[in-house]
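First up is the structure itself, then whatever we jot down about it.
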Amino acid sequence: MKGRLLDLSLGLNRKQRLTLEIDDDFRSGFDKLHVADVDIEIKKFRQKRSLDANAYAWVLIDKIAQAMRLDKKQIYREAIRNIGGVSEVLCMQEEAVDKFCRSWAEHGIGWQTEVMPSKIAGCSNVMVYFGSSTYDTKQMGALIDQLIQDAKELGIETLSPDELSRLVGYENNN
């Protein structure tokens, strides 16, 4: 949900109280949850990546794949692995790893796993990468920046920084 923090106060019980203003209708959710303890996560709002940005990423992927004579899927997956902020490491029992990795990959092309040893006996660490369908504008910008860098190294023409900023909605680093 998107909203704003309005107020932070201290109640008579010495606990902090946070007042939020939200854009979505939360009445039914409130009715279900107001009597229970809840997990709360508040972070700065970021627009979801645009379909135009996604389309441009795939244009770059196609051109890079042609120039390198590689599969587009391979280019996309490698680009995801080369950017930060789109992966997590999970520790799990070794017997669960294969099934988990197969299940994770079913989310889409970019949803990848990398299995590494763990210091915990009977466990493995699994690096999981999220596909770009879940990216916000900052993450999508990082993916496009990576693809632009790869394209430029191959002599492939890319959008100007101004055109890119309008398309993606961020200031790129190139």
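Quick note: the coordinates plus some simple rules give every number you see, no bench work behind them. Given the structure is predicted, the values throughout are model-derived calculations rather than measurements. Note that each Cβ is placed from the backbone with ideal geometry, even for glycine, and that neighbours are counted across all protein chains shown.
Excluding the site residues themselves, the longest part of the chain lacking any trypsin sites (Lys or Arg not before Pro) in a DSSP loop with at most 16 other Cβ atoms within 10 Å is 120-174. For region 59-171, the number of Lys pairs with C-alpha atoms closer than 18 Å, counting only pairs eight or more positions apart or on separate chains, is 4. For residue 123, the residues whose modelled amide H falls within less than 5 Å of its own, excluding neighbours fewer than 5 places apart on the same chain, are 94.
Set Lys and Arg Cβ to +1 and Asp and Glu Cβ to -1, take the dipole of the chain about its Cα centre, and tell me which of 122, 110, 97 lies farthest positive. Projecting each Cα onto the dipole axis, the largest value belongs to 122. Computed about the Cα centre, the dipole magnitude for the chain is approximately 280 debye when only Lys and Arg (+1) and Asp and Glu (-1) carry charge, each at its Cβ.
Based solely on its DSSP helices, what 222 nm [θ] is calculated for the chain when runs of n ≥ 4 H residues each add -39,500 (n - 2.57) and the sum is averaged over all residues, nearest 500 deg cm²/dmol? Mind showing how you got there, number by number?
Values: 6 runs with 72 residues, N = 174.
Value at 222 nm, helices only: -13000 deg cm²/dmol.
Remark: C-alpha extents of region 87-129 on the principal axes read 31, 18, 10 Å, sorted largest to smallest. Take every Cα pair under 8 Å whose residues are at least 6 apart in sequence, average their separation, divide by the length of region 1-127, and the relative contact order is 15 percent.
For region 12-82, report the convex hull volume of the alpha-carbon atoms normalised per residue, in Å³, without decimals.
Working: hull volume 13.0 nm³, N = 71.
Dividing the Cα hull volume of region 12-82 by its residue count gives 183 Å³.
For residue 90, the residues 5 or more places off, or on other chains, whose built amide H falls under 5 Å of its own are 126, 127, 128.
Net charge around residue 75, counting only other residues with Cβ within less than 14 Å of its Cβ (Lys, Arg = +1; Asp, Glu = -1)? Walk me through the numbers on the way to the answer.
Numbers: positive: 63, 69, 72, 73, 77, 81; negative: 62, 71, 78, 150, 153.
My count for the surroundings of residue 75 gives +1.
Using only alpha carbons, region 1-139 has a radius of gyration to Kirkwood radius ratio (Rg to Rh) of 1.10. Please report how far the C-alpha centroid of region 104-158 lies from that of region 62-77, rounded to the nearest whole angstrom. Rounded to whole Å, the Cα centres lie 15 Å apart. Around the amide H of residue 110, modelled in the peptide plane, lie the amide H atoms of 132, all under 5 Å away and 5 or more residues distant in sequence or on another chain. What the pair-distance distribution of region 54-127 shows, using all Cα-Cα distances binned every 10 Å from zero, is 18, 40, 27, 13, 2 percent.
Taking 25 °C and 0.890 mPa s as conditions, region 1-49 diffuses translationally at an estimated 190 µm²/s according to Stokes-Einstein applied to its Kirkwood radius (Cα pairs).
Given a Förster radius of 30 Å and the C-beta distance between residue 118 and residue 40 as r, what FRET efficiency does 1/(1 + (r/R0)^6) yield to the nearest 0.05? Display every interim value, and only then the final one.
Numbers: r = 30 Å, r/R0 = 1.01.
Rounded to the nearest 0.05, the efficiency is 0.50.
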